[in-house]
1. Pairing the Cα long axis of helix 2-22 with the longest principal axis of the chain, what angle in degrees results, from 0 to 90 and rounded to the nearest 10?
2. Evaluate the Kirkwood expression for the hydrodynamic radius of the stretch 2-63, namely the inverse of the mean inverse distance over all pairs of different C-alpha atoms, and round to one decimal in Å.
3. Between 29, 20, 37, find the one with the highest GNM mean-square fluctuation for the chain; connect C-alpha pairs within less than 10 Å.
4. Can you sort 25, 52, 57 by how many other beta carbons sit within 10 Å, fewest first?
5. Subtracting the Cα-Cα distance from 0.36 nm times the residue separation, let me have the gained length for residue 66 to residue 46 in nm, one decimal.
6. Based on the Cβ-Cβ distance from residue 36 to residue 12, what FRET efficiency comes out when R0 is 35 Å, to the nearest 0.05?
7. Between 0 and 90 degrees, rounded to the nearest ten: what's the tilt of helix 38-51 against the longest Cα principal axis of the chain?
């Protein structure tokens, strides 16, 4: 019984990890936002992503489709 529970738990964790990775998109060489305020920078990044998808790639996307915007700065 315990082995079966462990197996189900392991499969659930694997499936959650897969779902988390499948929806990620990493964009390189994106122009830096002009604002110094972090909230404004994230807003500019979201707008840039929406423009990229809708105008350039012609993939219908709205702001609600973006769950999170993260920036990794390398210095």
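Every read-out reported here was derived from the displayed coordinates using simple, explicitly stated rules and does not represent laboratory data. Only a predicted model underlies this, so the values are computations on that prediction, with no experimental measurement involved. Glycine gets a Cβ as well: all are built from the backbone with ideal geometry, and neighbour counts include every protein chain shown.
1. The angle comes out at about 10 degrees.
2. Every distinct Cα pair counted, the radius reaches 14.7 Å.
3. Highest fluctuation of the listed residues: 29.
4. Arranged by neighbour count, lowest to highest, 25, 52, 57 become 25, 57, 52.
5. Extra length available between residue 66 and residue 46 comes to 6.4 nm.
6. According to the calculation, E is roughly 0.25.
7. Result, in degrees: 90.
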